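Right, one structure below, let's go through it.
The values are calculated or read from the model by the stated rules, or taken from the named source; none is laboratory data. Treat the numbers as computed from the prediction; the structure is a model and nothing was measured. A quick note on method: Cβ atoms are made from the backbone with ideal geometry, for glycine too, and the neighbour counts reach across all protein chains shown.
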Amino acid sequence: MYGHIHMMKTRPKPLNMKEELYMDILRESVIYCIPAGLHDWAIKARRSATTADSKIDALETLLKVCAAEGCFWEGINVIDQVISDPDMTEHRSRLLFLAGEMSAGLYEYDKATGYYARSLACAIRTKDQHIATVTKLGFCNLYRQDFNQAEEWSRWAIKLGPHSWEAWKNLGVSLEHQGQIEEAFLAYFKAVFLSRGRVITVMHMIRLSQRHPGIVPDVGSLKAQVYREYDFIRPVSSSTA
């Protein structure tokens, strides 16, 4: 008589992806202490280095200074200069990964994706590097609002490293923006648990709860400290007082 009512899943339109993904909060949560003169020392050390180990040590120091001081372009230029050095063959995957990090620091996620993909293609890389790179590719695709691709990268990262809270957080964001709200909540919860209550994971779960009341549990009153103080969280049965 009344026809069929089609229930449509809510697909929130991202407002501002910098705000949506809390990138600025991550930046502001890190306090750097860089000794005076370290930048110039690292440059001189890199120029005078003659072995692979001394070159990578000086380069790593310089890149840390660049990241701390927001000199991302300098870091990218240095990596581009040394990436073809035969002594860097063993470290090429990591250098390309760091170039991706520098590009992400500039919010240039297409460029970052290119560096991460090149890092992933390197024959020599550690398992941890592999997991980190795949996880970052998931994040980059979130920022590009390609949520389906972000989901694929995130699930791959979780398969490689099931205890990666970042991968679970990225999966939650990708699922949320594809309208899979309940599964997104579970992914966020897993991220909260694995990160032991890292603020960014708690914020994502609270935000989802606020956007979809009645679909997922109300967790607005939860604080990050709750998850840090307990090794596990046991659901309270409705039958218990």
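Name every residue in the range 16-58 that is under 30 Å from Lys169 (Cα atoms), among the basic types (Lys, Arg) and at pLDDT 60 or above, in order of residue number. Lys18, the sole residue that qualifies. Residues that are touching a Phe, Trp or Tyr at 6+ places or on another chain (Cβ under 6 Å) number at least 1 in the following helices (runs of 4 or more DSSP H) confined to the range 80-164: 92-105, 109-121, 127-143.
Results for (1) within 14 Å of the chain's Cα centre (by Cα); (2) assigned by TED's automatic domain parsing to the domain that holds Ala191; (3) surrounded by fewer than 22 Cβ atoms within 10 Å (Cβ to Cβ), shown as yes or no for each residue.
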| position | (1), (2), (3) |
| --- | --- |
| Asp110 | no, no, yes |
| Leu137 | yes, no, no |
| Gln145 | no, no, yes |
| Trp168 | yes, yes, no |
| Leu171 | yes, yes, no |
